[in-house]
Structures are given as C-alpha cells and as structure tokens.
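The values are calculated or read from the model by the stated rules, or taken from the named source; none is laboratory data. Just so you know, these numbers come straight off a predicted model, no measurement behind them. Please note: Cβ atoms are built from the backbone with ideal geometry, for glycine as well, and neighbour counts cover all protein chains shown. Please note that ligands, DNA and RNA were not included when accessible areas were found on the heavy atoms of the full protein model with its side chains. Shrake-Rupley method; radii C 1.70, N 1.55, O 1.52, S 1.80 Å.
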Amino acid sequence: MKWKVCGMREMENIQEVAKLKPDYMGFIWAEASPRYVGEDFVIPHEMLGETVAVGVFVNRAVDSIIDLSRKAGFTWVQLHGEEKDEEILALKKSGLTVIKAISVSDPQDVKDLSLTPDFYLFDTKKGQQTGGTGQRFDWDILAAYTAGKPFILAGGLSKENVEEAIELSKIYSIHALDFNSKVEIKAGLKDVQEVREISEILAEH
C-alpha cells in the first residue's frame, strides 16, 4: 500500500519524515492554508530521496502552476478547487501528473466522474471549505464510484484507522493513503513518531 504525507513545511520535519520513506509528500501552495509553504519554497530533493513531491493548489492558474513546478521542482500536482477538464489536460500536456481532489459527503459526489485526471483523491466535504477537514467520510459511499481509476483516500486517516483503510483496499482500487492533520503536532509540523508507527503498520501489508 502506497502512502502520502501532506502539508509538509518545516525543513527538519521534512527530513525526519522523509527517512520513513513515504511514497509521496505534499507541499501546499495555497495562501489560505496554515500549511502554505510560500512562493519561494523549493522542494529539497536531497532530503526526499525516492519520495515523490506533490504540489497542492486551489484554483490557481495553469500557467502559474507550470512555472512554479519548474522553479520549485515538482512533477505531480494535486488540485482542490473547481478546476475543469481543459485545465487538467493542459497540466498533463506540460508533463505533470494530476491528482484531482473531490470533497465527499454522499454517493453522488463520486458518481459520473471524468477520466481526465491521473488519479482522484477523495476527502471529506465540510461546507464551503476547500482542502482537508481532518474528518473521515462514510467509506460506504465509495461503492458508488464507478470510474474505475485508482484513487487516493484522504480524510481523518491516522494510526487508529489505518488497518481499516488497508482492508478497504481489498474492495476498492486505492492507490495510496493520505495522512495530514491527524498526524500533526500543529499545522505543518508532523509527529514523527506517529508517522513512524503508521509506516510500520503499512510495511506489514
């Protein structure tokens, strides 16, 4: 089972988490987020090793994302806004791998999705909020997902429910599990011991 730690920001913390070898690490370029890395942030690839860096955005212009990907050094993007298929296609044409986040609260949210993104990420819907909520949605809703494309599961994942999420992967095409606020000491700072325990559970499967 692949896994991702999102909302990274502090260099020492990035280095410590990278030693646990998550498959993906997310860096947020959205000013409204408490985990915003800032426009001058550059991915520390010497720390990440084989971990894939993912740039996270909310309704940012395609050209700006492409320019920033070259400047900051990421090849995967995760979109949490109202991005359209044509924008996703333009990002893919530039060579970026695209994850489209979908906020989920009922089965209709995961039905009739386009096949344009490389992956979907399903997270918990909460009012008009964009980005993660730290809360888990009803995983039974996933039965309505028929697009068939592997997806990333997010929303309130922690060491307490990671085993259950792994079991879910026997039913659905889960590409990776995404961990963020439930493994934090504060916004943008991960509890390394908590992440280590999760990595050990995942390594057993």
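Below are the figures for this structure:
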| item | result |
| --- | --- |
| Test set (1) surrounded by fewer than 15 Cβ atoms within 10 Å (Cβ to Cβ); (2) at pLDDT 95 or above - Ser114 fails condition number | (2) |
| Tally, over the stretch 167-200, of residues that are free of Cβ contacts under 8 Å to residues at least 40 places away in the same chain, hydrophobic (A, V, I, L, M, F, W, C) and open to solvent by less than 40 Å² (accessible area, probe 1.4 Å) | 1 |
| Residue that is farthest from Trp3 (Cα to Cα), among those in the stretch 117-136 that are assigned to a loop (DSSP other than H, G, I, E, B) and at pLDDT 95 or above | Pro117 |
| Any chance Glu10 is open to solvent by 20 Å² or more (accessible area, probe 1.4 Å), acidic (Asp, Glu) and in contact (Cβ under 8 Å) with a residue 60 or more places away in the chain | yes |
| Members of the stretch 58-116 found to be within 18 Å of Gly38 (Cα to Cα), of a type in the set (D, E, K, R) and part of a loop (DSSP other than H, G, I, E, B), listed by number | Arg60 |
| Test set (1) without any contact (Cβ under 8 Å) to a residue 60 or more places away in the chain; (2) within 15 Å of the chain's Cα centre (by Cα) - Leu91 fails condition number | (2) |
| Of residues in the stretch 52-86 being in contact (Cβ under 8 Å) with a residue 12 or more places away in the chain and basic (Lys, Arg), the one least open to solvent (accessible area, probe 1.4 Å) | Arg60 |
| Residues satisfying the stated conditions in the stretch 13-31, i.e. open to solvent by 50 Å² or more (accessible area, probe 1.4 Å) and of a type outside the set (Asp, Glu) | Gln15, Lys19, Lys21 |
